[in-house]
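What follows is a set of notes on a single structure, which appears directly below.
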Amino acid sequence: MVMAVVAAAIFVATLVVVIWQPKGFPIGYTALIGAVIALATTVVGLSDVPTVVGIVWNATLTFVAVVLISLILDEAGFFEWAALHVARWGRGNGRLLFVLIVGLGAVIAAVFANDGAALILTPIVVGMLRALNMPQKAALGFVLATGFIADTGSLPLVVSNLVNIVSADYFHLGFAEYAAVMIPVGIVSVLASLGMLLAYFGRSIPKRYDVLALTSPAAAITDPATFRAGWVVLALLLVGYFAADPLGVPLAAVAGVGAVIIVLVAARQPAFLFARTAAATVLVTTGGTATVTASASASASGSGAGPSAPSGRVIPVWKTIREAPWQIVLFSIGMYLVVYGLQNQGLTDHLATLFDVFGDHGVLVTALGVGFTIAILASLMNNMPTVLIAALAIGGAGATGLTHEVMVYANVIGSDLGPKITPIGSLATLLWLHVLEKKGIHIGWGQYFRTGIVLTIPVLAITLAALAGWLTLIH
């Protein structure tokens with residue numbers, strides 16, 4: 001009993017400091033300190049370290065690689081280009097623009113993970129709204145919708161959310177196997193989210209906006225070579241993800257190769273492939289007069305590279321690499337060691353017992369019971385530790401077959417959607433609120449909670465019901 005209290009105290013203390021994020025205490029170091037204390041008090045043993053590393057290494061490195069790709073492409077203007085195209089497709093219809101922005105957010109969340117969708121797309125949307133002179137209330141609706149869809153749209157693929165990768169790794173779910181279940185469920189989640197967002201913010205959206213106030217999408221592209229390479233890398237990633245499972249290749253290797261390719265292109269390495277030529281990119285001769293047409297990327301000014309730099313390098317590659325979420329690797333190992341201490345002391349057994357009670361009452365009750373329980377836990381103590389606590393509990397429950405499968409996917413849904421209820425539900429949300437504050441948009445915790453709980457509960461219920469129905473159908 002004493003050790004159980006110690007394990008719980010270490011977990012709560014670590015979690016409080018992680019959420020608080022005092023200056024000078026990055027989340028990774030904070031979690032590692034908690035892990036060291038857990039080891040020192042024998043809540044966890046040294047033999048647990050390789051077990052935990054084995055659970056989280058693929059998930060965290062995959063996540064870092066995907067986010068790094070999104071950061072490089074953002075520097076190249078990839079997402080702003082996409083957003084400007086979407087805004088033009090709206091043809092001046094405010095409500096259609098809202099629908100398209102939500103749709104774009106869902107696609108970015110699915111492909112580039114929820115953090116990429118929230119933290120990269122939000123500043124672009126804010127800039128667009130200001131260019132369109134959107135009323136403050138309408139702008140707030142667009143911004144909140146962008147943040148909300150980043151998580152509710154992160155169900156379809158394993159790589160769409162870090163908790164997806166952790167759960168898929170823990171329960172040995174292949175990329176294709178996961179997608180076959182969660183793509184249909186994810187579509188339902190996005191449609192339900194769109195319906196709730198329109199019902200909640202619809203009246204504040206202006207009927208018309210001035211398309212001519214928008215800049216040309218082509219003007220957003222700062223690095224054409226990296227922009228073009230991005231499409232190739234995305235295609236290779238999609239093929240690689242599906243091919244990885246049969247070949248026994250971890251997703252981290254696939255995403256890592258994609259990240260290396262896009263980084264090398266952005267850095268113009270190897271340099272000889274991007275060397276300046278004495279001649280122009282295209283030599284057009286008209287009426288005997290030679291006219292030089294230079295590549296848009298061949299003379300980037302302000303890159304700081306100097307005359308000897310590789311041709312056209314405009315992206316601060318090493319700065320972008322440093323800004324990738326490397327702390328999440330340390331956080332995952334440290335936090336999950338702390339969480340593992342809860343299992344060692346039998347605290348996850350209580351959750352397993354509750355899950356078994358749900359499992360005795362059919363597929364729908366199992367999906368709703370497990371999903372809502374995990375969503376509440378995620379909203380109160382962050383979704384990162386929650387997903388592993390729940391995974392350990394599901395592993396310890398007596399459910400088998402379809403009931404077990406429902407629990408596994410309900411864990412993912414609860415961990416993805418539950419964090420939207422409160423600001424502390426995910427670290428990305430806290431960072432997202434900070435980014436908005438810097439942009440002059442203040443969303444208080446009370447306002448966020450009032451909006452989050454109204455939007456999340458119905459979407460969560462519909463998504464979990466869709467999971468139960470889809471799994472029953474395909475079995």
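Yes/no matrix, rows are residues, columns are (1) closer than 25 Å to residue 350 by Cα; (2) at pLDDT 90 or above; (3) assigned to a helix (DSSP H, G or I); (4) of a type in the set (Asp, Glu):
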| position | (1), (2), (3), (4) |
| --- | --- |
| 16 | yes, no, yes, no |
| 39 | yes, yes, yes, no |
| 49 | yes, yes, yes, no |
| 61 | no, yes, yes, no |
Condition check for residue 394: under 23 Å from residue 424 (Cα atoms) and in contact with a helix residue (DSSP H, G or I) (Cβ under 8 Å, 6 or more places away or on another chain): no
Whether any residue in segment 436-455 is open to solvent by 20 Å² or more (accessible area, probe 1.4 Å), under 29 Å from residue 202 (Cβ atoms) and touching a Phe, Trp or Tyr at 6+ places or on another chain (Cβ under 9 Å) is what I want to check. yes
In segment 187-218, which residue that is small (Gly, Ala, Ser) and free of Cβ contacts under 8 Å to residues at least 24 places away in the same chain is farthest from residue 86 (Cα to Cα)? 199
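Quick check: anything in segment 64-79 open to solvent by 50 Å² or more (accessible area, probe 1.4 Å), assigned to a helix (DSSP H, G or I), closer than 21 Å to residue 217 by Cα and in contact (Cβ under 8 Å) with a residue 60 or more places away in the chain? Please lay out each step first, then the result.
First, the residues of segment 64-79 that are open to solvent by 50 Å² or more (accessible area, probe 1.4 Å): 74-75.
Going one step further and asking which of them are assigned to a helix (DSSP H, G or I), we end up with 74-75.
Add one more test, that the residue is closer than 21 Å to residue 217 by Cα, and what stays is 74-75.
Okay, now just the ones that are also in contact (Cβ under 8 Å) with a residue 60 or more places away in the chain, so 75.
Yes, there is a match, as at least one residue in segment 64-79 is open to solvent by 50 Å² or more (accessible area, probe 1.4 Å), assigned to a helix (DSSP H, G or I), closer than 21 Å to residue 217 by Cα and in contact (Cβ under 8 Å) with a residue 60 or more places away in the chain.
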Given the conditions (1) among the aliphatic types (A, V, I, L, M); (2) open to solvent by 10 Å² or more (accessible area, probe 1.4 Å); (3) touching a helix residue (DSSP H, G or I) at 6+ places or on another chain (Cβ under 7 Å), every one holds for residue 155 apart from (2)
Pull out all pairs, ordered by first then second residue, where Cβ-Cβ is under 7 Å, the residues are six or more apart or on different chains, the first lies in segment 400-417 and is farther than 9 Å from residue 371 by Cβ and touching a residue at least 12 places away in the same chain (Cβ under 8 Å), and the second is of a type in the set (Phe, Trp, Tyr) and open to solvent by 10 Å² or more (accessible area, probe 1.4 Å). 408/171
Go through 233, 143, 181 for me and flag whichever is closer than 30 Å to residue 402 by Cα and either in a helix (DSSP H, G or I) or modelled with pLDDT under 90 (or both). 181
Residue pairs qualifying under the 9 Å Cβ cut-off, at least six apart or on distinct chains, with the first in segment 34-45 being over 14 Å from residue 335 (Cα atoms) and the second being at pLDDT below 90 and surrounded by fewer than 24 Cβ atoms within 10 Å (Cβ to Cβ), are 41/3; 42/3; 45/344
Among residues of segment 356-381 being more than 25 Å from residue 452 (Cα to Cα) and in contact with a Gly (Cβ under 6 Å, 6 or more places away or on another chain), the residue surrounded by the most Cβ atoms within 10 Å (Cβ to Cβ) is 358
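For segment 158-174, how many residues are open to solvent by 20 Å² or more (accessible area, probe 1.4 Å) and in contact (Cβ under 8 Å) with a residue 24 or more places away in the chain? Break it down stepwise before answering.
Residues of segment 158-174 that are open to solvent by 20 Å² or more (accessible area, probe 1.4 Å), as a first pass: 169-173.
Okay, now just the ones that are also in contact (Cβ under 8 Å) with a residue 24 or more places away in the chain, so 169-171, 173.
Summing the residues that are open to solvent by 20 Å² or more (accessible area, probe 1.4 Å) and in contact (Cβ under 8 Å) with a residue 24 or more places away in the chain in segment 158-174 gives 4.
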What residue, of 103, 127, 116, is surrounded by fewer than 22 Cβ atoms within 10 Å (Cβ to Cβ) and touching a Leu at 6+ places or on another chain (Cβ under 9 Å)? 103
Boolean, residue 399 is on the phi < 0 side of the Ramachandran plot and either surrounded by fewer than 23 Cβ atoms within 10 Å (Cβ to Cβ) or among the basic types (Lys, Arg) (or both): yes
When you scan segment 401-419, do you find a residue that is within 22 Å of the chain's Cα centre (by Cα), in a helix (DSSP H, G or I) and farther than 19 Å from residue 182 by Cβ, even just one? no
When you scan segment 340-376, how many residues do you find that are farther than 27 Å from residue 5 by Cβ and within 26 Å of the chain's Cα centre (by Cα)? 5
The lone exception for residue 65 - which of (1) more than 17 Å from residue 325 (Cα to Cα); (2) at pLDDT 90 or above it fails: (1)
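How many residues, within segment 193-230, are over 19 Å from the mean Cα position of the chain (by Cα) and in a helix (DSSP H, G or I)?
Just the residues of segment 193-230 that are over 19 Å from the mean Cα position of the chain (by Cα), to begin with: 195-229.
Narrowing the set further to residues that are in a helix (DSSP H, G or I) leaves 195-204, 211-213, 217-220, 224-229.
Number satisfying all stated conditions: 23.
Take residue 41 and decide whether it is open to solvent by less than 40 Å² (accessible area, probe 1.4 Å), over 28 Å from residue 173 (Cα atoms) and among the hydroxyl-bearing types (Ser, Thr, Tyr). Spell out the reasoning first.
On the way: open to solvent by less than 40 Å² (accessible area, probe 1.4 Å): no; over 28 Å from residue 173 (Cα atoms): yes; among the hydroxyl-bearing types (Ser, Thr, Tyr): yes.
Spelling it out, it is not the case that residue 41 is open to solvent by less than 40 Å² (accessible area, probe 1.4 Å), over 28 Å from residue 173 (Cα atoms) and among the hydroxyl-bearing types (Ser, Thr, Tyr).
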How about segment 338-355: which of its residues are open to solvent by 10 Å² or more (accessible area, probe 1.4 Å) and either at pLDDT 95 or above or not acidic (Asp, Glu) (or both)? 340, 342, 343, 344, 345, 346, 347, 350, 351, 353, 354
For segment 139-178, give me each residue that is more than 17 Å from residue 423 (Cα to Cα) and of a type in the set (S, T, N, Q). 154, 160, 161, 164, 167
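The values are calculated or read from the model by the stated rules, or taken from the named source; none is laboratory data. Predicted model only: the values in this text are computed from it and were never measured. Neighbour counts run over all protein chains shown; Cβ positions are idealised from the backbone, glycine included. Each accessible area value is taken on the protein alone, full model and side chains, heavy atoms only, with ligands, DNA and RNA left out. Shrake-Rupley method; radii C 1.70, N 1.55, O 1.52, S 1.80 Å.
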